[in-house]
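Report on the structure given below.
The values are calculated or read from the model by the stated rules, or taken from the named source; none is laboratory data. Keep in mind that this is a model prediction, so the values were computed, not measured. Note that we place each Cβ from the backbone using ideal geometry, even for glycine, and neighbour counts take in every protein chain shown. Please note that ligands, DNA and RNA were not included when accessible areas were found on the heavy atoms of the full protein model with its side chains. Shrake-Rupley method; radii C 1.70, N 1.55, O 1.52, S 1.80 Å.
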Amino acid sequence: MSDAPATFQTRLKSIMNGTYNPSMRRSVQTIVLYEADRCLKSVYKQLRPFQRKIALYDCAADLVNTLDWIPGGHRMEVMYRTASGKTPLSPDLAWRRMKLIDREIAKTIIPGVKPFICPELTHQQACDAYIESQYQSIAQPKDEAVRPVPDLWEYSHISIFLAYRMYYDGEAIATDLPPPIDPNPKRKVPKEKPDAYPPPPLVPGVFPPLSAGGDGYVSDELQAFAGHLASGSPDDDTRRAMLKEVKDHMDVIKQLEGIIPPAEAQQRKRALYAAMPPPPGPYKKARRNSSTVPVPLAAASPKKAAAKSAAAAAAAAAAAASDGEDSEEVMHI
């Protein structure tokens, strides 16, 4: 048995038995918002209200990426507003949902758990007894034999209960919780309130979003993740699947013309364009017995070569200036 100290990740994995199902999405979202709030409590006083909300959102997104037993595709979905909408949670809504957790537990969970709190039962046993009583009273007709609680019933019907399991003991917050650890101790937040946050995603439906120009509003780990999606070289099947998804989204937008606002439609089209996979590589080897031969690239003229070199130098200077500006637009916390 390992003597390693318990962490947020190991405790959550143990409580969830190391498995994940899409019906657990909202419960996991609740947990990462609660843990992100614990991570940031000591720095809130340094931040303006909108910065607290952005920091909470980013920290929760970072925490999701540390849950390595959840498949990558499902981790992307945890921070959605709804499972079907595929729209990222906004910092304002993330903040409101976080603020409701303790209030809802005190109002709806603790009164129901009270009858099962006794020295003979551990905290987890009391939780199991409560869930069973809820299932039998809600889902089980009186005249039928008692059936065991389905494995995922707790997550699909009482999504907030996972937070009680993990952070409470009896009627109060547990006193032996491991200390919160922010996955990104060098977290940065914008100094001025952005028009929209998170920025338009690089890949529709995928978080974390990588803002154009690398403004540092998200962690290095999340930026690397989004950068991998952008610069990777997918195989032929993956490329075709990505192109098909982009085309399907475009078809839906076209069908909804006149229903959704033109500005929103244009924004979605730009996001879809950015999500297109890179084109296939050049065909390097001529087929045997082919009647065609590769056309060599034309040599650049001295004037064009000089112009290209000057443009590259200008771009490098602009990038350096941009880096200097970005460093002044964000604030370390």
The residue that is farthest from L40 (Cα to Cα), considering only those in the range 149-178 that are small (G, A, S) and surrounded by fewer than 17 Cβ atoms within 10 Å (Cβ to Cβ), is S156
In the range 40-53, residues that are under 25 Å from S159 (Cβ atoms) and either modelled with pLDDT under 95 or open to solvent by 20 Å² or more (accessible area, probe 1.4 Å) (or both) total 3
_Yes or no: the range 130-151 includes at least one residue that is of a type in the set (G, A, S), within 24 Å of F8 (Cα to Cα) and out of contact with any Asp or Glu (no Cβ under 7 Å at 6 or more places or on another chain)._
no
Across the range 235-267, the tally of residues that are modelled with pLDDT of 75 or more, over 18 Å from G73 (Cβ atoms) and among the β-branched types (V, I, T) stands at 2
Taking the criterion of being open to solvent by 10 Å² or more (accessible area, probe 1.4 Å) and either touching a residue at least 12 places away in the same chain (Cβ under 8 Å) or part of a loop (DSSP other than H, G, I, E, B) (or both), would at least one residue in the range 54-61 satisfy it? no
Those residues of the range 159-178 that are part of a loop (DSSP other than H, G, I, E, B) and among the aliphatic types (A, V, I, L, M) come to a total of 3
With the first residue restricted to the range 82-110 and required to be within 13 Å of I31 (Cα to Cα), and the second required to be of a type in the set (D, E), Cβ contacts under 8 Å at 6 or more apart or on different chains are M98/D37
Residue set I101, I117; condition more than 23 Å from N21 (Cβ to Cβ) and of a type in the set (V, I, T); output residue I117
Going through (1) part of a loop (DSSP other than H, G, I, E, B); (2) at pLDDT below 90; (3) under 30 Å from I15 (Cβ atoms); (4) open to solvent by 60 Å² or more (accessible area, probe 1.4 Å) one by one, P209 fails only at (4)
Checking L89, L67 in turn, the sole residue that is open to solvent by less than 40 Å² (accessible area, probe 1.4 Å), at pLDDT 95 or above, on the phi < 0 side of the Ramachandran plot and out of contact with any Cys (no Cβ under 8 Å at 6 or more places or on another chain) turns out to be L67
Residues of the range 256-279 being open to solvent by 90 Å² or more (accessible area, probe 1.4 Å) and in contact (Cβ under 8 Å) with a residue 40 or more places away in the chain, in sequence order, are Q267, R268, R270
Being surrounded by 14 or more Cβ atoms within 10 Å (Cβ to Cβ), in a loop (DSSP other than H, G, I, E, B) and of a type outside the set (G, A, S) narrows I181, I131, I101, I110 down to just I181
Worksheet item: In this structure, is R25 assigned to a helix (DSSP H, G or I) and within 12 Å of the chain's Cα centre (by Cα)?
Response: yes
For the range 21-34, check the following and say yes or no: at least one residue is at pLDDT below 95 and open to solvent by 60 Å² or more (accessible area, probe 1.4 Å). yes
